[in-house]
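Novice: First, the structure itself, so that you have it in front of you.
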Amino acid sequence: RGGFRGRGGGRGAPRGGRGRGRGAPRGGGGMRGGRQVIIEPHRHEGVFIARGKEDALVTKNLVPGDAVYGEKRMSVEEGGDKIEYRAWNPFRSKLAAAILGGVDRIHMKPGSKVLYLGAASGTTVSHVSDLVGPDGLVYAVEFSHRSGRDLLNVAKKRTNIIPIIEDARHPHKYRMLVGMVDVIFADVAQPDQARIVAINAHSFLKNEGHFIISIKANCIDSTAPPEAVFAGEVKKLQSEKLKPQEQITLEPYERDHAVVVGMYRPPAKKK
């Protein structure tokens, strides 16, 4: 019974939202007037929280007026200028889920250079593009041509995304396109993903740079308990000079997923 009640609430909610959206163009785009919505900076630089009827995680839209995947947008007046923000849905983005789950550091900020492995259609990539801003870069690697088509369309409007339709197992194929990066984000959902992250790190990640890897337990071993799978992956990372510093699960947004954040080639401890 409880389940039905939850579902009803969910079903009713978009209707309220839709009404607001429909009235909006008269008042000027997004959530009307910007009076009800207050934007606060999140402790991760480049990420924001929109406080309104419901709080939402948002990023500052690099291409105002443009939605990437039908997400809600809101305009807020700041010093006489209208600034547009895009809602970042944690149910559609592992990185947003990790941020709302309280991850300590994401190691991305305005100006960062990011190598994103498993870019898919560019949903999360578009928010990373917002986050790193015009002075940052996102090298987005995706193997599937079908997702790659969507990714290329996202990259047409966002000049800080460099789309690469290649297999992340073969970084030598895109070595001419990618410079050294500050952070690698990986969401490739492959059994050998620790190795994939490692070979890309050896090629492109600066020493003392960072990695964020999203691990889906049943992609690696569907018979073992998730905790055992996560522990096994952490061991593999350690053997490749990737030192995990933090691990969180993505409940309630994803089941049996963990995100591991760490440093590549940390400085040697002084004896």
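Novice: Restrict the check to segment 33-41 and report whether at least one residue is modelled with pLDDT under 95, surrounded by 10 or more Cβ atoms within 10 Å (Cβ to Cβ) and assigned to a helix (DSSP H, G or I).
Specialist: Checking segment 33-41: at least one residue is modelled with pLDDT under 95, surrounded by 10 or more Cβ atoms within 10 Å (Cβ to Cβ) and assigned to a helix (DSSP H, G or I).
Novice: For residue 136, indicate whether it is open to solvent by less than 10 Å² (accessible area, probe 1.4 Å) and at positive phi.
Specialist: Values: open to solvent by less than 10 Å² (accessible area, probe 1.4 Å): yes; at positive phi: no.
Answer is no for this residue.
Novice: Could I ask something else about it? Under the condition of being under 15 Å from the mean Cα position of the chain (by Cα), among the aliphatic types (A, V, I, L, M) and over 13 Å from residue 105 (Cβ atoms), which residue from segment 244-271 is surrounded by the most Cβ atoms within 10 Å (Cβ to Cβ)?
Specialist: 258
Novice: So, one more: Taking segment 60-119, which residues are under 30 Å from residue 171 (Cβ atoms) and assigned to a strand (DSSP E or B)?
Specialist: Correct list: 113, 114, 115, 116, 117.
Novice: Which residues, taken from segment 151-164, are assigned to a helix (DSSP H, G or I), in contact with a helix residue (DSSP H, G or I) (Cβ under 8 Å, 6 or more places away or on another chain) and in contact (Cβ under 8 Å) with a residue 40 or more places away in the chain? Don't jump to the end; show me each part of the working.
Specialist: Start the filter on segment 151-164 by keeping residues that are assigned to a helix (DSSP H, G or I), which leaves 151-157.
Checking which are in contact with a helix residue (DSSP H, G or I) (Cβ under 8 Å, 6 or more places away or on another chain) leaves us with 151, 154.
Selection gives 154 alone.
Novice: Quick check on my filter: what residues within segment 165-183 are closer than 21 Å to residue 111 by Cβ and surrounded by 16 or more Cβ atoms within 10 Å (Cβ to Cβ)? Break it down into steps so the answer makes sense when it comes.
Specialist: Quick first cut of segment 165-183, residues closer than 21 Å to residue 111 by Cβ only: 177-183.
178, 181, 182, 183, listed by residue number.
Novice: Please work out if residue 119 is among the small types (Gly, Ala, Ser), under 12 Å from the mean Cα position of the chain (by Cα) and closer than 18 Å to residue 253 by Cβ. Please lay out each step first, then the result.
Specialist: Values: among the small types (Gly, Ala, Ser): yes; under 12 Å from the mean Cα position of the chain (by Cα): yes; closer than 18 Å to residue 253 by Cβ: no.
No; evaluated as a whole, the condition is false for this residue.
Novice: Another question, if that's okay. With the condition kept exactly as written, say whether any residue in segment 191-203 is under 21 Å from the mean Cα position of the chain (by Cα), in contact (Cβ under 8 Å) with a residue 60 or more places away in the chain and farther than 23 Å from residue 92 by Cβ.
Specialist: Checked segment 191-203: at least one residue is under 21 Å from the mean Cα position of the chain (by Cα), in contact (Cβ under 8 Å) with a residue 60 or more places away in the chain and farther than 23 Å from residue 92 by Cβ.
Novice: Which residue, of 203, 214, is within 22 Å of residue 253 (Cα to Cα) and at pLDDT 95 or above? Even if it seems obvious, please write down each step before you answer.
Specialist: Details: 203 fails: within 22 Å of residue 253 (Cα to Cα).
Of the residues listed, the single one that is within 22 Å of residue 253 (Cα to Cα) and at pLDDT 95 or above is 214.
Novice: While we're on this one: Determine whether residue 45 is out of contact with any His (no Cβ under 9 Å at 6 or more places or on another chain), open to solvent by 30 Å² or more (accessible area, probe 1.4 Å) and not in a loop (DSSP other than H, G, I, E, B).
Specialist: Numbers: out of contact with any His (no Cβ under 9 Å at 6 or more places or on another chain): yes; open to solvent by 30 Å² or more (accessible area, probe 1.4 Å): yes; not in a loop (DSSP other than H, G, I, E, B): no.
No.
Novice: Examine segment 64-84 for a residue that is among the β-branched types (Val, Ile, Thr), at pLDDT below 95 and surrounded by 17 or more Cβ atoms within 10 Å (Cβ to Cβ), and state whether such a residue exists.
Specialist: The answer is yes; a qualifying residue exists.
Novice: Here is a check on your reading of the model: is residue 124 outside any strand (DSSP E or B), at pLDDT 95 or above and open to solvent by less than 20 Å² (accessible area, probe 1.4 Å)?
Specialist: Numbers: outside any strand (DSSP E or B): yes; at pLDDT 95 or above: yes; open to solvent by less than 20 Å² (accessible area, probe 1.4 Å): yes.
Criteria met by residue 124.
Novice: Quick check on segment 221-236. Is at least one of its residues open to solvent by 40 Å² or more (accessible area, probe 1.4 Å), at positive phi and either at pLDDT 95 or above or not acidic (Asp, Glu) (or both)? Give the steps one after another, and end with the answer.
Specialist: Initial filter on segment 221-236 (open to solvent by 40 Å² or more (accessible area, probe 1.4 Å)): 221-223, 225, 227-228, 231, 235-236.
Adding the requirement that they be at positive phi leaves none.
No, the conditions are met nowhere in segment 221-236.
Novice: Within segment 97-119, track down each residue that is buried (at least 18 other Cβ atoms within 10 Å of the Cβ), among the small types (Gly, Ala, Ser) and in contact with a helix residue (DSSP H, G or I) (Cβ under 7 Å, 6 or more places away or on another chain).
Specialist: Answer for segment 97-119, where residues must be buried (at least 18 other Cβ atoms within 10 Å of the Cβ), among the small types (Gly, Ala, Ser) and in contact with a helix residue (DSSP H, G or I) (Cβ under 7 Å, 6 or more places away or on another chain): 112, 119.
The values are calculated or read from the model by the stated rules, or taken from the named source; none is laboratory data. Everything quoted here is computed from the prediction, not taken from an experiment. Cβ atoms come from the backbone with ideal geometry, glycine included; neighbour counts cover every protein chain shown. For accessibility, only protein heavy atoms count, side chains too; no ligands or nucleic acids. Shrake-Rupley method; radii C 1.70, N 1.55, O 1.52, S 1.80 Å.
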